[in-house]
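The numbers here are math on the coordinates, done by the rules we state, and not lab data. Values in this document were obtained by computation on a predicted structure and should not be read as measured data. When we count neighbours, we look across all protein chains shown, and the Cβ atoms used for this are built from the backbone with ideal geometry, even at glycine.
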Amino acid sequence: MTECQILMQASSAQPPAEVNQITDCLVEWDGVNCWPAAQAGEMMSVPCPPPLQKLLIITRNCTRDGWSSLSIPYYTACLHLDPSEEQATDQKREYFSTVKLIYTIGYGVSLGSLCIAMLIFTIFRKLLCTRTCIHLNLFSSFILRAVAVFVKDAVLFSDETIDHCTISTVLCKAAVTFFQYCVLANFYWLLVEGLYLQTLLIFTFTHKRAFVWWYALIGWGMPTVTIITWTLLKHQFDNRGCWDDLDSGLWWIIKTPILCSVFVNFIIFVNISRIIVLKIKTPDCNTGERPLYRRLVKPTLLLIPLFGVHYVVFAVFPEHVGLEPRLFFELVLGSFQGFTVALLYCFLNSEVQTELKKGVARCWSQRENNVINMATQDFMA
């Protein structure tokens, strides 16, 4: 306290014009720690006071308007917990570590299977059509989401000795922004899958290529506009931490489109189920159309409830309610979504399996021909 008073007196003794030229934030005693003078844009950090033995760092940003608020309150960062609270905290930390391990494995499996699926569609050009183009964009969104998770975890949790809630760097903000964009794009392309199937049913399976540009605009354009808006507002009005605070009111800029896409997909699922049941049960339905309905609808009917129902359930509750079950459903189950998409839309697809069998047969036939030709050449020699 004495040292802080000396610094404050030295700063006040300088002429105001000279003070403004040197620093934007004056020396300040907040009742616990002394914050030295700083210029706008600098971030200062202090540890917990000596009587409190927690090794956490509290930070403040210097802005043109003066000091920002603490990155985390002292009572949250520095106060000791009783043994029962420490045990509960250790249990939660162990649970979160287990969840992180499982979803890391899940995203790794999804990333590998999606890359293989995209390679298959790229090699066998006969499989490319409007439907598979939409599938490829969906695969891309899942791949980006998996990559974004790995990048975010590497940036925010690379050093376990540092509380990620107290850091505020351009790198961690960029990682969180990229992650939010990928999550938004993934939800929008799931919505596009539902909209595309609904379009096919409405237009009696007529392929409307004009809709492809609208689907691309929805899948990639709308998340871009949303994230740009969120980033500008976040930087202007809530530029603290790593921008991963879900309690901020600006979080609704991202959450609202996600909830809308989930509810719309759920409504599409209910409507498509109704149409399919009516079409199949109708006596005058052309028998040739029934396999077509089943072939086009079955994969999406399996996907829409998988990606929509549990999100609808948790959407009606605040973020802090049912945190552990929410994390399990949204992180653990969500990490294997990409693998499920690749399995249903590629590996179990009858058209893909047929093309793979033809490709293997061609390779095998070509190999036999090469062996025969080599044997013939050796015999003639």
Based on the Cβ-Cβ distance of PHE347 and SER69, what FRET efficiency does E = 1/(1 + (r/R0)^6) give at R0 = 51 Å, to the nearest 0.05? 0.50
Exposure-ranked with fewest Cβ neighbours within 10 Å first, CYS133, CYS25, CYS346 stand as CYS133, CYS25, CYS346
Listed peptides 173-186, 106-119 by packing density, highest first (mean Cβ within 10 Å): 173-186, 106-119
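Multiplying the sequence separation of GLN39 and SER248 by 0.36 nm and subtracting their Cα-Cα distance, what value in nm do you get?
Working: separation 209, 0.36 × 209 = 75.24 nm, distance 2.65 nm.
Extra length available between GLN39 and SER248 comes to 72.6 nm.
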Rounded to 0.05, the calculated FRET efficiency for the beta carbons of MET374 and CYS115 at R₀ = 30 Å is 0.30
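Give the order of TYR95, TYR188 when sorted by the count of other beta carbons within 10 angstrom, beginning with the fewest.
TYR95, TYR188
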Exposure proxy order (Cβ contacts within 10 Å, fewest to most) of GLU193, GLU330, GLU355, GLU94: GLU94, GLU330, GLU355, GLU193
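Among the listed pairs LYS126/LYS255; LYS92/LYS255; LYS126/LYS152; LYS173/LYS255; LYS100/LYS126; LYS152/LYS234, which have their C-alpha atoms separated by more than 28 angstrom in this model?
On the way: LYS126/LYS255 39 Å; LYS92/LYS255 25 Å; LYS126/LYS152 37 Å; LYS173/LYS255 18 Å; LYS100/LYS126 40 Å; LYS152/LYS234 18 Å.
As for pairs spanning more than 28 Å Cα to Cα, those are LYS126/LYS255; LYS126/LYS152; LYS100/LYS126.
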How much net charge surrounds CYS25 when only other residues with a Cβ under 10 Å from its Cβ are counted (Lys, Arg +1; Asp, Glu -1)? -2
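Relative to the present Cα-Cα distance, how much length would full extension add between VAL225 and VAL147 at 0.36 nm per residue of separation? Display every interim value, and only then the final one.
Working: separation 78, 0.36 × 78 = 28.08 nm, distance 2.10 nm.
Full-extension gain reported as 26.0 nm.
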